[in-house]
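Okay, so here's the structure we're looking at.
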Amino acid sequence: MSSQYNLTSNEKNVLIALENLKDASPDELAEKSEMKMETSMQAAFLLEEKGLAQVDETVTEIFELTDEGKKYAQEGLPERQIIDAISGPTSMDELKDKFNPAVAGIATGWLRRKGWAGIEKGMIVPTGNAEKGEDEKALEAFADEAKTFDELGADKNVINDLIKRKLVAKTEHKKRKVCITSEGKELVAAGITVEEEVAQLTSELLKSGEWKDKKFRPYNIHTAPRPVYGAKIHPYQRLIDEMRRIFLDMGFTEIKGEAVQSSFWNFDSLFQPQDHPAREMQDTFHLSSTSDLPVEYKDKVCAAHENGGETGSTGWGGKWSEEIACKNVLRTHTTALTIKYLADNPDAPVKAFSIDRAYRRETIDPTHTPEFEQLEGVVMDKDMSFSNLLGCLSEFYHRMGFEDVRFRPGYFPYTEPSVEPEVYVEGLGWVELGGAGVFRKEVTAPLGIKYPVLAWGLGVSRLAMLKLGLKDLRQLYHSDIDWLRKSEVCQL
């Protein structure tokens, strides 16, 4: 009867042990079957698949105080310490003098949340209602011991709040019990003989002929092998490397630069007016530091803004402020790098690109993050035209695997004419992937650049989402090991 189940010797030993034990813990089963615990449990799970044994697992949640929780269990929660120490309206400065500023900061929010105090004109005003809360009772119930939820006798929301405050830590304790089924009992009763099994056929067995009298351990050829994942570069980094290789193959020079840039190079040199909305605090990360303005360019840039200078333009009018131009920001685009590179290299020809990070004050959602990669490029040479720009971008997108590319008119403060390149994606239609154009004379002339400059800034992360089939931009930055393992290195 045992032959129909095709049992290994380990499974037979475990089944016989279970018949004697009725039910057993992993340790008891390993001792009775005279095997390692890992080996005996592996056999138990195989027997469960065949209906001859049953493995029951119970999970118990254990809660215990963290070091911070133990401290507050003895000294009282921050909000309790403060409410007991004040008798009337108290300023925050006074609290920070009496207590650790961190404690005072934590306590303020909880005092309002619990209704123990309010804030009026910068003063903490007690309400006179500060009875002992359920969270305080729960902290006392621990008594420096790890306990289950039932032993604590507290509300689940209270415990969850303490966990969020990092005052309580939760661990899970798993307990397994293995027992024999009625089918397993019948099999043991019918008689099981445990024979030595050979797991591997060796040359010695073949030469001696002993293999004829040996019993070989059966193999299930339908069992899927354990997956093996080789090392690979992150999918996003692979795409960035692919883009870099395309431009290098097209004869471009890669450039790098600082993340912190002066407003002069980030905005003013690009003929972006000083009252432009993009310069506001809600759009740009402003820093407290400043930079010196380049003496050889500042007066010409000033003239371009105020009256057009020698460009034939009327400029933006108004008074251009050196103070505003000196202020440092986290670069909002990598164009700050390419325009400075052009100023340092005004002699044609120039073909340069950068793939680097830019920073904007964006609300994080599936399509926006405060940090993102941007692919920036410029071509400066005699007789460069708008059609050269379209041809260069079309070539790039074709090499990236997009067959259909089109351009629609766009507007940017520093290029004219301007376009927004789009690629066609099956199921999504036409998708816009950045901006491009020819730098205006108001940008190039003050910096001593005499020839036309083709420029573009492309969204790397959006391109990556299309290539990788993602719907959420944040997946590019998550440490999802399963996604990384299963990502395709190449597509045939």
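Residue pairs whose Cβ atoms lie under 7 Å apart, sitting 6 or more positions apart in sequence or on different chains, and linking a residue in the stretch 134-156 that is touching a residue at least 40 places away in the same chain (Cβ under 8 Å) to a partner that is in a helix (DSSP H, G or I) and surrounded by fewer than 17 Cβ atoms within 10 Å (Cβ to Cβ), are Asp144/Lys70; Leu152/Ala141.
Would you check if Asp213 is more than 28 Å from the chain's Cα centre (by Cα), modelled with pLDDT of 90 or more and open to solvent by 90 Å² or more (accessible area, probe 1.4 Å)? Spelling it out, it is not the case that Asp213 is more than 28 Å from the chain's Cα centre (by Cα), modelled with pLDDT of 90 or more and open to solvent by 90 Å² or more (accessible area, probe 1.4 Å).
Glu94 passes every criterion in (1) farther than 27 Å from Thr58 by Cβ; (2) in contact (Cβ under 8 Å) with a residue 24 or more places away in the chain apart from (2). Note on the stretch 307-325: residues that are open to solvent by 50 Å² or more (accessible area, probe 1.4 Å) and in a helix (DSSP H, G or I) amount to 3. Residue count for the stretch 21-32 satisfying the condition of being in a helix (DSSP H, G or I) and modelled with pLDDT under 85: 1.
Yes/no matrix, rows are residues, columns are (1) under 30 Å from Val301 (Cα atoms); (2) more than 31 Å from the chain's Cα centre (by Cα); (3) surrounded by 16 or more Cβ atoms within 10 Å (Cβ to Cβ):
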site: Cys392; (1), (2), (3): yes, yes, yes
site: His398; (1), (2), (3): no, no, no
site: Tyr411; (1), (2), (3): yes, yes, no
site: Thr415; (1), (2), (3): yes, yes, yes
site: Val423; (1), (2), (3): no, no, yes
site: Val438; (1), (2), (3): yes, yes, yes
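The rows are residues; the columns are (1) under 30 Å from Lys147 (Cβ atoms); (2) open to solvent by 30 Å² or more (accessible area, probe 1.4 Å); (3) assigned to a helix (DSSP H, G or I); (4) at pLDDT 85 or above.
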site: Leu7; (1), (2), (3), (4): no, no, no, no
site: Glu19; (1), (2), (3), (4): no, yes, yes, no
site: Glu38; (1), (2), (3), (4): no, yes, yes, yes
site: Met41; (1), (2), (3), (4): yes, no, yes, yes
site: Glu48; (1), (2), (3), (4): no, yes, yes, yes
site: Thr58; (1), (2), (3), (4): yes, yes, no, yes
site: Glu64; (1), (2), (3), (4): yes, yes, no, yes
site: Glu68; (1), (2), (3), (4): yes, yes, yes, yes
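Given Gly309, Gly315, which one is touching a residue at least 24 places away in the same chain (Cβ under 8 Å), out of contact with any Lys or Arg (no Cβ under 9 Å at 6 or more places or on another chain) and more than 23 Å from Phe372 (Cβ to Cβ)?
Values: Gly309 fails: out of contact with any Lys or Arg (no Cβ under 9 Å at 6 or more places or on another chain).
Among Gly309, Gly315, only Gly315 is touching a residue at least 24 places away in the same chain (Cβ under 8 Å), out of contact with any Lys or Arg (no Cβ under 9 Å at 6 or more places or on another chain) and more than 23 Å from Phe372 (Cβ to Cβ).
Residues of the stretch 140-157 that are part of a helix (DSSP H, G or I), within 20 Å of Val59 (Cβ to Cβ) and in contact with a strand residue (DSSP E or B) (Cβ under 8 Å, 6 or more places away or on another chain): Phe149, Leu152. Scanning the stretch 21-36 for residues that are in contact with a Lys or Arg (Cβ under 8 Å, 6 or more places away or on another chain) and closer than 19 Å to Glu186 by Cβ, we see that the one that is most open to solvent (accessible area, probe 1.4 Å) is Asp23. Among the residues of the stretch 333-358, the ones that are open to solvent by less than 10 Å² (accessible area, probe 1.4 Å) and either at positive phi or in contact with a Ser or Thr (Cβ under 7 Å, 6 or more places away or on another chain) (or both) come to 6 in all. Within the stretch 459-482, the residues that satisfy the criterion of being open to solvent by 40 Å² or more (accessible area, probe 1.4 Å) and free of Cβ contacts under 8 Å to residues at least 12 places away in the same chain are Gly469, Gln475, His478, Ser479, Asp480, Ile481, Asp482. Suppose we keep only residues that are in contact with a helix residue (DSSP H, G or I) (Cβ under 9 Å, 6 or more places away or on another chain) and part of a helix (DSSP H, G or I) within the stretch 158-174. Which one would you say is most open to solvent (accessible area, probe 1.4 Å)? Among those residues, the one meeting the criterion is Asp161. List pairs: first residue in the stretch 324-339 and closer than 13 Å to Glu373 by Cβ, second residue among the polar types (S, T, N, Q) and assigned to a helix (DSSP H, G or I) anywhere in the structure, Cβ distance under 8 angstrom, at least six positions apart or on different chains. Hits for this filter: Arg331/Asn266; His333/Asn266.
Residue-by-condition table, conditions (1) closer than 18 Å to Gln272 by Cα; (2) in contact with an Asp or Glu (Cβ under 7 Å, 6 or more places away or on another chain); (3) not aliphatic (A, V, I, L, M); (4) not in a loop (DSSP other than H, G, I, E, B):
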site	(1), (2), (3), (4)
Arg357	no, yes, yes, yes
Thr363	no, no, yes, no
Leu375	no, no, no, yes
Leu393	no, no, no, yes
His398	no, no, yes, yes
Tyr411	yes, no, yes, yes
Gly435	yes, yes, yes, yes
Thr444	yes, no, yes, yes
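Scan the stretch 340-355 residue by residue and report those that are free of Cβ contacts under 8 Å to residues at least 24 places away in the same chain and in a loop (DSSP other than H, G, I, E, B). Passing the criteria: Asn345, Asp347. Evaluated against (1) more than 29 Å from Leu29 (Cβ to Cβ); (2) of a type outside the set (Phe, Trp, Tyr); (3) out of contact with any Gly (no Cβ under 6 Å at 6 or more places or on another chain), Val168 falls short on exactly one condition, (3). Identify, by number, the condition in (1) modelled with pLDDT of 85 or more; (2) in a strand (DSSP E or B) that Ile119 doesn't meet. Answer for Ile119: the failing condition is (1).
Residues that are touching a Phe, Trp or Tyr at 6+ places or on another chain (Cβ under 9 Å) and either open to solvent by 30 Å² or more (accessible area, probe 1.4 Å) or over 18 Å from Ala104 (Cβ atoms) (or both) within the stretch 115-127 comprise Pro126, Thr127, listed in sequence order.
The values are calculated or read from the model by the stated rules, or taken from the named source; none is laboratory data. The shown structure was predicted, so the numbers you read here are calculated from the model rather than taken from an experiment. All Cβ positions, glycine included, derive from the backbone under ideal geometry; neighbour counts span all protein chains shown. Surface accessibility is based on the protein's heavy atoms, side chains included, excluding ligands, DNA and RNA. Shrake-Rupley method; radii C 1.70, N 1.55, O 1.52, S 1.80 Å.
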